[in-house]
Amino acid sequence: MLTAALVVSDGLGRGFDRAAGAADLPDAIVRFDPEPAGQVAARIAALPDLAAFSLRREFTGVELDAPGHTSENAAVEIIGPGRRGYAIVAGRDLSGRPGEVLVERGLAAAWGMPLGGRIELDGSSPQRVVGFTESPDNVSYPLAGPRVYVAQVGVSVPPGVNLAEIWLRDPHRLDEVLVQARATSYGVHGLRFVTRAGVRVLLDQAAGIVIDLLVALSLIALLTAAVMLAASARAEVQRRLQAIGLRRAVGASRSYLTATQGLEALIVAAPAATIGLIAGTLATYGPTSRLLMMLNEPAPGAALALPLAAAWMAAVAIPVTSAAWPAWRAAGRAPVALLRGAELAAARSRRRASPIRAGLTVLGARLAGARRARLVATATALGSSTGFVLLMLALASALVSLETDPGALGKRYQLTAQLPPAAVGQVRAIPGVQAAAPRYADEAVDSFSLQETIDVIAYPGDHTEFEAPPLLGGSRIARPDEAEVGAGLADALGLVPGSTLAIQLASGGELRLRVAGVVGSLDHDGRVAYVPARALLARDPSASEQLVVRVRPGADLTRVTAALGATAAPAAGATARGVPLVDTLRAILRAVAIVDGLVCLYALIQTCALTVQERRRTLSVIRAVGAGTPAITRLLAGAALALVAPAAAIGIALERWLLGPALARLAAGYATLSLGAGAGAIAAVLAGLVVAATVAVLWVARRAGRESVVSGLAAP
């Protein structure tokens, strides 16, 4: 469990830093309408604190053809001289000779594209793939369109560049440099900035949620292991009290006996920890690497060596310490008392259950309950694991909802169409259409913190008719000088209802509005602003536009789509392009849930085994009067039931009232998620607990039935 948490946490938590360092990611990426390269270079060279820059020509919507695959929305970047901003993860970089191309590693993996393979761009002559790249300035295919790089030499393109990458000597001065860049950009149209910090913030929240969950899971696993190993070691030392007393009587020191007990635990713990380390890594490294590939980030690789070594040492130290401490305590007692089989703590005074006065199942439950502290600790740990499994099932269901249901994000329209606003009347007349309106979108940055990118969305009227993200505070837009902001933007800029939102649009104009309310939105990590259309168009008449269509309940969506024409498309969920991402996240959740289930199985087996070990004499008495393995099975079933019943109740309550609401609050800035496990998930987890308990009971009962009755009666 600890290894699984380390693999995923290290991969997601440090993946961006590794990718940015390997790719030499620029501090700022600037896009603009095509301009002469010399003019752009002169303006960039005049910026303060400049370390280096490179210019490119980027084309979007390019047709890309490869054997067995095609795409019509590829991005092609023509590389000029200077620093690259990407890492070569296989093959080599462009040499400058014509006919060479680089592709992103995610695209190569998704299309099965080998080094040396051939692709065609817009029907041109085939070009040879000489290398695979990785750069975290954008996610990779299939989460985004394919991206390829070609050399400037031998490529016939219109003059000018439209993309610049900028590196600074001191990245902390980026805000001042961006202010200067905007001041000197007069005459440059369509200016858009993307900063390293802006790219990074898109992944922080989701990664943080996953990491927090896995850390909590690993702590639960460690708690379970520590409790069970300590109880097992105590029972083992108690069984050996007479042997320890004999060694002490012939002169063995306390330290020697403690070291012997610790060494025996080490002989078992070292290979067990190694197996656990390998199993945890194999279970999670593959899905995590696939997720990182989609994010254009490298897998941890050798960087995991030190964290895994620390995990291995912890996994060995816990059982060794658990075995050595009871031995140290026991060896400190008088040899005579040890030879009489005295216990570490007075427990013989506790009333023992009688098999004559109680059924075997009830007797098993009472035997397990005799160790109250252990029962409470183990049931709590097992219940926590159960709660986390339920949470993972609820989270997997929520991922599917976000993928397929735009309503989970507050979207109330079902279709979009690339039609002008003048077509609204015609669209409303289509049978089955309930409402239609133009939707305007623009990109902006905060006027005071230029690293904070913002998606601006505008409607001519009440936007809640088409998009109604949950209102978290304040009120809806009521005046033409008001705006609603996403929780992610409010957190980043310290905005509250009544604050002033000052943003610079892509056109260069500034828009100042009063914040009326804060809403929950998943789009752009919650960094969105809903503004009146009149205010947006007054500052940027070129804002992108499309029609959104709300269909009447029960209407035929297919007919409405056909009536809208070829430009119509269904409204998308948050991850509509990211089905592989959702599948990968589910694979990670599934792997961790399996490991967590093994922790539960371990706890159940250990509880039954400890009950047998501590009550060997009681079991031998039962067997001496003719009871066989079925009787022991019924007794152990009672012990397992005493653990599983409260654990199930704890797990369900924990997920419903603590874990689910807590995670829903973390996601409240992005979407309204219901993370309470449903009846099907609860039934599946309860069935899993029953199966695990059955396996544990049958396993331990079979082993207990092999012991000699005489040996059990002679036990202390």
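The values are calculated or read from the model by the stated rules, or taken from the named source; none is laboratory data. This is a predicted model, so every value here is computed, not measured. Cβ: placed from backbone, ideal geometry, glycine included. Neighbour counts: every protein chain shown.
Exactly one residue out of Val456, Val433 is over 33 Å from the mean Cα position of the chain (by Cα), within 25 Å of Val551 (Cα to Cα) and among the aliphatic types (A, V, I, L, M): that is Val433. Listed by first and then second residue, the pairs linking a residue in the stretch 419-433 that is touching a residue at least 24 places away in the same chain (Cβ under 8 Å) to a residue that is assigned to a loop (DSSP other than H, G, I, E, B) and among the aliphatic types (A, V, I, L, M), with Cβ atoms under 8 Å apart and 6 or more places separating them unless they lie on different chains, are Val427/Leu419; Pro431/Ala555; Gly432/Ala555; Val433/Ala555.
Considering Leu585, Leu654, Leu663, the condition of being modelled with pLDDT of 80 or more and within 30 Å of Leu291 (Cα to Cα) is satisfied by Leu654 alone.
Residues in the stretch 564-582 that are crowded, with 17+ Cβ neighbours inside 10 Å and more than 20 Å from Ser521 (Cα to Cα) were compared, and the one that is modelled with the highest pLDDT is Leu564. Residues in the stretch 341-389 that are modelled with pLDDT under 65 and of a type in the set (A, V, I, L, M, F, W, C): Ala342, Leu344, Ala345, Ala346, Ala347, Ala353, Ile356, Ala358. Scanning the stretch 118-147 for residues that are of a type in the set (S, T, N, Q) and touching a strand residue (DSSP E or B) at 6+ places or on another chain (Cβ under 8 Å) returns Gln127, Thr133, Ser135, Asn138, Ser140. Can you find even one residue in the stretch 108-123 that is modelled with pLDDT under 85 and either of a type in the set (Ser, Thr, Tyr) or assigned to a loop (DSSP other than H, G, I, E, B) (or both)? The answer is yes, given that some residue of the stretch 108-123 is modelled with pLDDT under 85 and either of a type in the set (Ser, Thr, Tyr) or assigned to a loop (DSSP other than H, G, I, E, B) (or both).
Out of all the residues in the stretch 539-554, is one or more modelled with pLDDT under 80, surrounded by fewer than 18 Cβ atoms within 10 Å (Cβ to Cβ), more than 30 Å from Val496 (Cβ to Cβ) and not small (Gly, Ala, Ser)? The answer is no; no qualifying residue exists.
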